[in-house]
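> The following block contains the structure, expressed as structure tokens.
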Amino acid sequence: MTFEKKILLEKPEEQERSSVSIMLRKVFQAIKLRYKTQFTLIMGLVVLVIILEILTKIPRLSDPFYSYKIGASYASNLPPSWDFWLGTDTGSHDIFVMILHGTRNSIYFGIGCALLSTTLAILLGVFGPFVGGKADTLSSFITNIFMVFPQLPFIFFIASLMKTRSWVTVMIIIGSFSWPWAARSIRSQVLTLRERNFIKVSKMSALGNMRIAFSEVVPNVLTYILLVFCISFGIGIITEAGISMLGLGDQGQNFITLGFVMWYHEPYNMSPHYYNIWISPGIVLVLIYLVFFVIQSSFINTFNPRTRENK
Amino acid sequence: MKSIETNILEEEDSQTKTSLIKQRTTTQKFISNSFLRLVVTKLIFYFIIFFIAISLAFLIPRLVPGNPLDYINQLGSTGLPPSYQEQIRTYMEQLFGLDQPIWVQYWRFLEAFFLHGDFGLSIDLDTPGQPVMDLILPTLPYTLMVAIPTLIITFFLGNLIGAWVGYNETKPRKVIYYIVLTMGAAPFYWFAYVLATIFITQLQLFPPLSTSVPNFAWDWAVLEQIFSHFWLPLILLIMVNTGGWSTGARSMMIYERGSGYILYSQKLGFKESKLRKYAYRNSLLPQFTGLNMNFNNIIGQTLILEVVLNWPGLGKVMIDAFSINDYAMIIGTFVIVIFIIVIGNFLIDISYGLLDPRIRIGGQEG
Amino acid sequence: MAELVLKVEDIKGYYKGSFGTVHAVDGVTFDIYKGDILAIAGESGCGKSSLAELLTGSPMPMLHYESGQVTVNEIPIYIPKPEDKSKLGKWRKEQEKLSNQTRKDVLCKIIGYVPQSSQDSLNPVKKIRKFILDVMKQRVGTKPKKQIKRSKEDIKYDTLDGQKVRINFKEEVLTRVREHLEKLGLSGDVLGRYPHELSGGMKQRIVIGISTLWNPLILIADEPTSALDVTTQKILIETFMHLREMGIVETIVYISHDIPTLAQICNKCIVMYAGKLVEFNSMDNIIHSPLHPYSQGLIHSIASFNPDGSAETDLNSIPGRPPNLRDPPEGCRFYDRCNQRMDICKEEYPPFFSPNGNDSSRVACWLYKK
């Protein structure tokens, strides 16, 4: 509520700025004011990405497929040591470097997926019910169809038919299939919001639909949108890793993800002598997923005052 | 004394009569108009989805490289004997009308599935020239015998744990809850290797992954062998899928616990156990709507796990077909998976309609 | 002197949660005699509903009994909390045991409760009939059945709606229930409906019907009309007034912030402010000559009209807000908003004074110190 008040108290000249900058400011303020925990965690993720980005630029760590040598001989199949923190594989590649690159790319992949599916979810979840009428019926019909549409087999299907798969294609496929539940929950939120007075007032004051949707509705369903973003991120990373692990992901060597690392080291799977090789990418995946899980559950607690109060 | 007894007897008699009449009326109500309407609308809805999916299965191979003509032309490089190549080529051209205009091809495609249930011949070197349906259908029971129990067990187990935690949030309960959640966070394919290492390599409880599962037969020894392979994918899927339900059930339970009818029933002097039953049942109901998506997820996960754990289901056939570009097999497995999912979703929707009176009898929505 | 049915002695109940401790009911004392229709008035958040919850002996989860005693028909329903902290665990167990006993003996039979949110007070997935049978089962221990074994021990008797009923017999119970609901102006076929098929007023009357099935000594109604439109409110108020005439309930505690409604039904009134009882008086006195400055303010903030449409008195609201109950002030809680405040008000909470000389009216205000 303090947030709404602040908006009302804004000086008139600020109102005249472009609606985009106002919207961005509102969104940022809302995040900062209402969701401190989540804000910290998301900031933490940004910092992590920056650190990874810097690390992978260091010459020693910049090439995941560099075959390291000790003296004159190749350093293949080494156990973890100070030089190679997670050991090396048969091709003398440093597992740690591979995982570093894989983590960075997986996070990028997840963000891309999440952006795509959140955008779709907003389009169908906010604008459909907001515009109303036929747009509403259509958007809810599309959502319902995608809701029960078998995504994973379909992703397999497309991925297997394409001879040349780049990570962008995989991302588009995953991203465009993982939004329907999100659209549905945003939709129900918007439907209750639509009946609230401040939206009615803005409609009466003849603001454009788009303007209202962006400056009034979106900030108010922001929690949902952020939650959707986090969940889609998790789904994106996990699904991509699953697909890549079966060899249906990007096969090029310039965008290696954690799933690719798993696929690349498939022969080591379950081998009792090479735990360092096949366990570590999975652990990193679990860690990333858990961080997002914590963010998710803190969001759920924000939604539901009852879970928050009954400690 | 006597009068009371005869009284009771008489009452019994009249009561059974009235109860019979009542039963009839309730069954009539049960299959009421609105329920039929639900069945019909759902039927149409899922048919549309199935139709869209099957159209996509027709369309996409023709849009991306990898279309059936390419596939026919590539036959020479598969290493199949020429006699098989010729047989497959003529069969496929005839079945799908590959030399005809595209709408005729589309019609032939639909016809092939809906009328003949035929998707062509396999080019797998182990089973060359066999109709793909004959190869796919025997794998179906394997996939379903893992997926369906998982769906049912995880639904009840996950909700039970979630509701149990939500009803009374004590420390030990929360610890169990978070353990379940963390297990759900693990990427299941990787988790499969971890579990396989623990159960097969270390504990030697189950047969090694390299041994193949025998074909189904009504023989005790064969069944025993099949089931010895069956537990690992089942346990794994249950571990991975329980967490998702628990989160939802917990917040639903917290919501129901504070809702009006629980508080009122408490004021009417209900026992704790009955209140818990009320809250549990009502917090379970909205969870049913999540079954659809969960079913889709579980089928997808089963498909991947089958490859990882060497379980001879649909997924294994599917991925094998992917690796050798067996067009007929890819289309066939895809359509069958869609078919399972659509049928499953339909049944779930119908059973939800049976359970919730608000849907069954109509009235207010929500 | 009429028979004493409910005795409330210095009851305190606090909300406890991650938000802190809210002193919702902070020492309330009053008696209810047979035949009273007692109003509890006050603005939202003053602790009216919390008080009602405490009177039933099983308050809602976050509301905790702190101290004091409630005696219903000579049955105490709380065990005083021990001061020694090491004995708290034992006390909690004993209190739970007593609460279970209270649920069995007191609720429904001696105290009937009509909740505030009657719209969702009925289990949404059960038919009314099934819900009532569940209530019976909870009361008796066995479910009323269509058929019963022909041994004498199985038959249990109970008094429903003032008449003796073999409570194991489904049909007999349902006939009695149907008659009872018909008295409240409902047709018998509501029993076969689900709650979502009924209107708000019907649901509310069914809730009243269920709460009064055993003809309890006291009926506690917690803002039963707050969610209804004016016409339905009127019907309900009439229902309440008829409850006594039909001999269903004699003593009613009616909680509302709506003074005109209270004035129609009740003969005695309690005014609460910020968790404390500020005035106890007859309804007529509250309307015409309220004693406490807060009661005066409350009465003056009601719009009343002459038959010609002109306003009878000036409409005044009470400036300010009630104190924060997380940390209530030492002195009079109305001090900040009072227009007749004195120095003593800030330092000490006033005891009860009886300006009329008898016990029928009491007021907690230093103005009436003799």
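The values are calculated or read from the model by the stated rules, or taken from the named source; none is laboratory data. Here the structure is a predicted model, which means the values were calculated and not measured. Heads up, the Cβs are rebuilt from the backbone with ideal geometry, glycines too, and the neighbour counts pull from every protein chain shown. With ligands, DNA and RNA removed, areas are computed over all heavy atoms of the protein, side chains included. Shrake-Rupley method; radii C 1.70, N 1.55, O 1.52, S 1.80 Å.
> Charged (D, E, K, R), under 19 Å from residue C:127 (Cα atoms) and touching a residue at least 60 places away in the same chain (Cβ under 8 Å): is that true of residue C:170 in this structure? Steps first, answer last, please.
Details: charged (D, E, K, R): yes; under 19 Å from residue C:127 (Cα atoms): yes; touching a residue at least 60 places away in the same chain (Cβ under 8 Å): no.
For residue C:170, the condition - charged (D, E, K, R), under 19 Å from residue C:127 (Cα atoms) and touching a residue at least 60 places away in the same chain (Cβ under 8 Å) - is not met.
> Hey, among B:115, B:151, B:135, B:95, which residue is touching a residue at least 12 places away in the same chain (Cβ under 8 Å), open to solvent by 30 Å² or more (accessible area, probe 1.4 Å) and within 33 Å of the chain's Cα centre (by Cα)?
Numbers: B:115 fails: touching a residue at least 12 places away in the same chain (Cβ under 8 Å); B:151 fails: open to solvent by 30 Å² or more (accessible area, probe 1.4 Å); B:95 fails: open to solvent by 30 Å² or more (accessible area, probe 1.4 Å).
Of B:115, B:151, B:135, B:95, the one residue that is touching a residue at least 12 places away in the same chain (Cβ under 8 Å), open to solvent by 30 Å² or more (accessible area, probe 1.4 Å) and within 33 Å of the chain's Cα centre (by Cα) is B:135.
> Let me ask you something else. In contact with a strand residue (DSSP E or B) (Cβ under 7 Å, 6 or more places away or on another chain) and farther than 30 Å from residue B:241 by Cα - does that describe any residue in segment B:111-126? Full working, then the answer.
Filtering segment B:111-126 for residues in contact with a strand residue (DSSP E or B) (Cβ under 7 Å, 6 or more places away or on another chain) gives B:118, B:121.
This time we only want the ones that are farther than 30 Å from residue B:241 by Cα, so: B:118, B:121.
Taking every residue of segment B:111-126 in turn, at least one turns out to be in contact with a strand residue (DSSP E or B) (Cβ under 7 Å, 6 or more places away or on another chain) and farther than 30 Å from residue B:241 by Cα.
> Only residues that are charged (D, E, K, R) and over 16 Å from residue A:256 (Cα atoms): list them for segment A:60-88, please. Give the derivation first.
Of all residues in segment A:60-88, those charged (D, E, K, R) come to A:60, A:63, A:69, A:83.
Scanning segment A:60-88 gives A:60, A:69, A:83.
> I need the strands (runs of 3 or more DSSP E) fully contained in segment C:192-310, keeping only those with at least 2 residues that are within 13 Å of chain B (Cβ to nearest Cβ) and closer than 20 Å to residue C:120 by Cα. Outline the logic, then answer.
Working: elements: C:218-222, C:251-255, C:268-273, C:276-282.
Result: C:218-222.
> Quickly run through segment B:272-320 and pick out the residues that are within 12 Å of chain A (Cβ to nearest Cβ), surrounded by fewer than 18 Cβ atoms within 10 Å (Cβ to Cβ) and in contact with an Asp or Glu (Cβ under 8 Å, 6 or more places away or on another chain).
B:320
> Could you check segment C:32-114 for strands (runs of 3 or more DSSP E) lying wholly inside it with 3 or more residues that are surrounded by fewer than 23 Cβ atoms within 10 Å (Cβ to Cβ)?
On the way: elements: C:37-41, C:63-72, C:111-114.
In segment C:32-114, C:63-72 are the strands (runs of 3 or more DSSP E) which contain 3 or more residues that are surrounded by fewer than 23 Cβ atoms within 10 Å (Cβ to Cβ).
> Inside segment A:234-265, can you point out the residues that are touching a Gly at 6+ places or on another chain (Cβ under 8 Å) and open to solvent by 20 Å² or more (accessible area, probe 1.4 Å)?
Listed by number, the list holds a single entry, A:263.
> When residues of segment B:297-312 are filtered for being more than 18 Å from residue B:206 (Cα to Cα) and either assigned to a loop (DSSP other than H, G, I, E, B) or not β-branched (Val, Ile, Thr) (or both), how many remain?
4
> Additional query: Within segment C:338-358, is even one residue hydroxyl-bearing (Ser, Thr, Tyr), loosely packed, with under 13 Cβ neighbours inside 10 Å and either modelled with pLDDT of 85 or more or part of a loop (DSSP other than H, G, I, E, B) (or both)?
The answer is no, given that none of the residues of segment C:338-358 is hydroxyl-bearing (Ser, Thr, Tyr), loosely packed, with under 13 Cβ neighbours inside 10 Å and either modelled with pLDDT of 85 or more or part of a loop (DSSP other than H, G, I, E, B) (or both).
> Within segment A:91-117, can you find the residues that are open to solvent by 40 Å² or more (accessible area, probe 1.4 Å) and within 16 Å of residue A:275 (Cβ to Cβ)?
Narrowing segment A:91-117 to residues open to solvent by 40 Å² or more (accessible area, probe 1.4 Å): A:96, A:108, A:111, A:115-116.
A:96, the sole residue that qualifies.
> For segment B:32-61, enumerate the residues that are facing chain A (nearest Cβ under 10 Å) and open to solvent by 30 Å² or more (accessible area, probe 1.4 Å).
B:45, B:48, B:52, B:56 - these are the residues of segment B:32-61 that are facing chain A (nearest Cβ under 10 Å) and open to solvent by 30 Å² or more (accessible area, probe 1.4 Å).
> Looking only at helices (runs of 4 or more DSSP H) that fall completely inside segment A:68-155, which ones have 1 or more residues that are more than 14 Å from every other protein chain (Cβ to nearest Cβ), out of contact with any His (no Cβ under 6 Å at 6 or more places or on another chain) and free of Cβ contacts under 8 Å to residues at least 24 places away in the same chain?
Details: elements: A:95-122, A:128-131, A:134-148.
So the answer is A:95-122, A:134-148.
> Quick check: is even one residue across segment B:260-271 open to solvent by 20 Å² or more (accessible area, probe 1.4 Å), within 9 Å of chain A (Cβ to nearest Cβ) and without any contact (Cβ under 8 Å) to a residue 40 or more places away in the chain? Working first, answer last.
Filtering segment B:260-271 for residues open to solvent by 20 Å² or more (accessible area, probe 1.4 Å) gives B:263, B:266, B:271.
Still in the list and also within 9 Å of chain A (Cβ to nearest Cβ): none.
No, that holds for no residue.
> Okay, next question. Mind counting the residues in segment A:262-297 that are in a helix (DSSP H, G or I), within 11 Å of another protein chain (Cβ to nearest Cβ) and either under 30 Å from residue A:43 (Cβ atoms) or not hydrophobic (A, V, I, L, M, F, W, C) (or both)? Give the derivation first.
Filtering segment A:262-297 down to residues in a helix (DSSP H, G or I) leaves A:262-264, A:266-268, A:275-297.
Narrowing the set further to residues that are within 11 Å of another protein chain (Cβ to nearest Cβ) leaves A:262-263, A:266, A:268, A:275, A:278-294, A:296-297.
If we keep only those that are either under 30 Å from residue A:43 (Cβ atoms) or not hydrophobic (A, V, I, L, M, F, W, C) (or both) as well, we get A:262, A:266, A:268, A:275, A:279-294, A:296-297.
Adding up the residues that qualify gives 22.
> Can you name the residue in segment C:127-142 that is more than 17 Å from residue B:272 (Cα to Cα) and open to solvent by 30 Å² or more (accessible area, probe 1.4 Å) and is also nearest to the other protein chains (Cβ to nearest Cβ) among such residues?
Checked segment C:127-142; the qualifying residue nearest to the other protein chains (Cβ to nearest Cβ) is C:127.
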